[in-house]
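**Q** Before I ask anything, here is the structure I am working with.
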Amino acid sequence: MIKVKAFGGYNKIGKSMTAIDVDGEIVITDMGADIERLVNFEEDKNDISISDLTALIDNGVIPDDRDFFMKEGKKVKAIVLTHGHLDHIWAVPFLSQKYMCPVIATPFAIKIIENLMKNFKIKSVRLIPLNTGTSYKISDNIKLELVNITHSIPNSSLIALHTKYGVIVYANDWKFDNNPTLGKKPDYDKLEALRKEGIFLLISDSTNADVDGYTFSESIVKTMLEDIIKKTLDNKTIFISTFSSHIARIKNITEISRKLNRNVMIFGRSMDMYIKSAISTSVINKGTLPEVAFRREQINGLLKHVYDKPGKYVIICTGHQGEKGAFLDKLVTGQYGYRLSGDDAVIFSSRTIPTPLNEANKGMLMNALESLNVNVADNVHVSGHASKNDHKLMIKMLMPKHLIPSHGGIDKMSANIELAREFGYELNKNSHLLFDGQEISLE
């Protein structure tokens, strides 16, 4: 019998964690944080350590697995992670140690976890880097395979668990990008092979299941960025803010800027961590991107140089959500020597993640930029999540015996359920809604 228990990511986007029980042997997939609650928690704490474990759980920052561990912890054979976004891996340093099992993920995600362990001064668990297209024997009854997929971060994967019941596919997060600007396109041949083997269960990302059409390729936003940057070349300095983990986007911006005879600087502590992780795992080559600056005195010195040479620089930076303490927030509030004006441009190569905190912070940032007469371009972006037609293609491609939507609230997951009806799936028969804290048994 297969049992699926939801810990996080089934009431809202974020804090992803699921336990999949195959005849008494359990694999945990993902172990993330609620990013909005994490930001609030960090505002009240200078440094987070293992001593904050209980507070992190009680404040809803990370999944609450305490009762589960007491009852089922010894049955957990592996913790497997899909990719390196913090809403899927941030809780690993705090929750994984007690399970006494390996943590398995692609090399880039493993490197990010190592950095988190170091930052929190937490002793590392057994971390196993596994490339997509390869497999790992979890037990005599469960074989793991990571399948290459595209998303907005390198080394993203679908988790395929081979069991006697068929294959269990855990797909959080994904899109079908047939023209990625970094890495390989989705492994359609492997998905076809998995279907032939027989898919028992598909657990799938619902973030954009209610968005019409297909999700565009990253190559599209590269063209958009080149067009926007060309239109802003008359500006003294061009600041472009995007997701620190979006290595492909950062690489694209750098290539476009250099092509247009602009030097590139990158500012932000999180940028430094992700880019160094990408270099150390050969996602990109050393020298592809410039060195990252994140210390105040270093940034101030570079900004003076930028100010003295107008028309020469593009700055890639943190702060696209208006986060307090990020580079753009400090820039507009006068914490650096550079003073923004109507001669500057700020491009947001991102979308505003729709949480009350983000919307408030982004709104205040936009108001500040407007008051300074800065030229602003917003939402120069394509999503890393599948849209309606992509979901239909995935269901048609795999035709799982059972389907469970995840990574969303009731609105997003219900949209996923509705899509599946077109292929004959019926709610509570072979498509199932699961919420945080609930468990379902499937045969």
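**Q** With each run of n ≥ 4 DSSP H residues scored as -39500 (n - 2.57), what mean residue ellipticity at 222 nm is computed for the chain after dividing by its residue count and rounding to the nearest 500 deg cm²/dmol?
**A** Using -39500 (n - 2.57) per qualifying helix, the result is -10000 deg cm²/dmol.
**Q** State whether segment 168-244 is rounded, prolate or oblate according to the following rule on the C-alpha gyration tensor (a ≥ b ≥ c being the square roots of its eigenvalues): a/c under 1.5 gives rounded; otherwise a/b larger than b/c gives prolate, and the remaining case gives oblate.
**A** Judged from the Cα gyration tensor, segment 168-244 comes out prolate (a/c at least 1.5, a/b above b/c).
**Q** A follow-up question, please. May I ask for the net charge around LEU427, where only other residues with Cβ less than 11 Å from the Cβ of LEU427 are counted and Lys, Arg are +1 while Asp, Glu are -1?
**A** The answer is 0.
**Q** I'd like the Kirkwood hydrodynamic radius of segment 236-299, using the inverse of the mean 1/r over distinct C-alpha pairs, in Å.
**A** Averaging 1/r across every pair of different Cα atoms and inverting gives 12.2 Å.
**Q** Expressed in whole Å with the largest first, what are the equivalent ellipsoid semi-axes of segment 23-108 derived from the C-alpha gyration tensor as the square root of 5 times each eigenvalue?
**A** Over the Cα atoms of segment 23-108, the ellipsoid semi-axes are 23, 16, 10 Å.
**Q** Over segment 6-66, with a single point scatterer placed on each C-alpha, what log10 of the ratio I(q)/I(0) does the Debye formula yield at q = 0.12, 0.28 1/Å?
**A** Here log10 of I(q) over I(0) equals -0.32, -1.17.
**Q** Moving on to the next point. Report ³J(HN,Hα) in whole Hz for each residue of segment 256-262, in order, from the Karplus equation J = 6.51 cos²θ - 1.76 cosθ + 1.60 where θ = phi - 60°; Gly and Pro get x.
**A** Those phi angles translate into 5, 4, 5, 4, 9, 6, 10 Hz.
**Q** For SER139 and PHE216, calculate 0.36 nm times their separation in residues minus their Cα-Cα distance, and state this gained length in nm to one decimal.
**A** 23.8 nm
**Q** How big is the equivalent ellipsoid of segment 1-156 along its three axes, where each semi-axis is √(5λ) from the Cα gyration tensor, reported in whole Å from largest to smallest?
**A** Largest first, segment 1-156 gives 24, 18, 15 Å.
**Q** I want the antiparallel fraction of DSSP beta bridges within the chain, as a percent rounded to 5.
**A** Restricted to the chain, the bridges split so that about 45 percent are antiparallel.
**Q** Something else: Any chance you could list P(r) for segment 308-391, counting all Cα-Cα pairs in 10 angstrom bins from zero, rounded to whole %?
**A** Per 10 Å bin, starting at 0, the Cα pair percentages come out as 16, 48, 25, 9, 3, 0.
**Q** Something else now. What's the center-to-center distance, using Cα atoms, between segment 139-173 and segment 369-393 in Å?
**A** Using only Cα atoms, the two centres lie 28 Å from each other.
**Q** For the pair GLU426 and LYS324, how long in nm is the line joining their label points, each one 7 Å along Cα→Cβ?
**A** 5.3 nm
**Q** Restricting things to Cα coordinates, could you compute the convex hull volume per residue of segment 218-377 in Å³?
**A** 106 Å³
**Q** Report, by chain and number, residues whose modeled amide H sits under 5 Å from the one on SER431, excluding near sequence neighbours (fewer than 5 apart, same chain).
**A** Those lying under 5 Å, H to H, from SER431 are LEU403, GLU426.
**Q** Nearest 5 is fine: what % of DSSP beta bridges in segment 1-91 come out antiparallel, could you say?
**A** Within segment 1-91, antiparallel bridges account for around 75 percent of the total.
**Q** Using alpha-carbon positions, what is the distance between the centroids of segment 196-229 and segment 416-433, in Å?
**A** 21 Å
**Q** Filter the cross-link list LYS175/LYS324; LYS5/LYS412; LYS137/LYS401; LYS230/LYS362; LYS45/LYS121 down to pairs whose alpha-carbon distance in this structure exceeds 22 Å.
**A** LYS175/LYS324; LYS137/LYS401; LYS230/LYS362
**Q** Any chance you could run the full-extension gain for LYS276 through ASN261? It's 0.36 nm times the residue separation minus the Cα-Cα distance, nm to one decimal.
**A** Net length gain for the segment: 2.9 nm.
**Q** Let me ask another. Assuming 0.36 nm per residue, please report the length gained on full extension of the stretch LYS184 to LYS196 beyond their Cα-Cα distance.
**A** Contour length minus the Cα-Cα distance gives 2.0 nm.
**Q** If you take all C-alpha pairs in the chain, what percent of them are over 35 Å apart?
**A** Tail of the P(r) past 35 Å holds 29 percent of the pairs.
**Q** Also, quick follow-up: Note down the Stokes-Einstein diffusion coefficient of segment 149-207 in µm²/s, whole number, using a Kirkwood radius over alpha carbon pairs, 20 °C, and 1.002 mPa s.
**A** For the chosen part, D equals 177 µm²/s.
Every number here is computed from the coordinates shown, using simple stated rules; none is lab data. What you are looking at is a predicted structure, and each value in this text was computed from that prediction instead of being measured. Neighbour counts run over all protein chains shown; Cβ positions are idealised from the backbone, glycine included.
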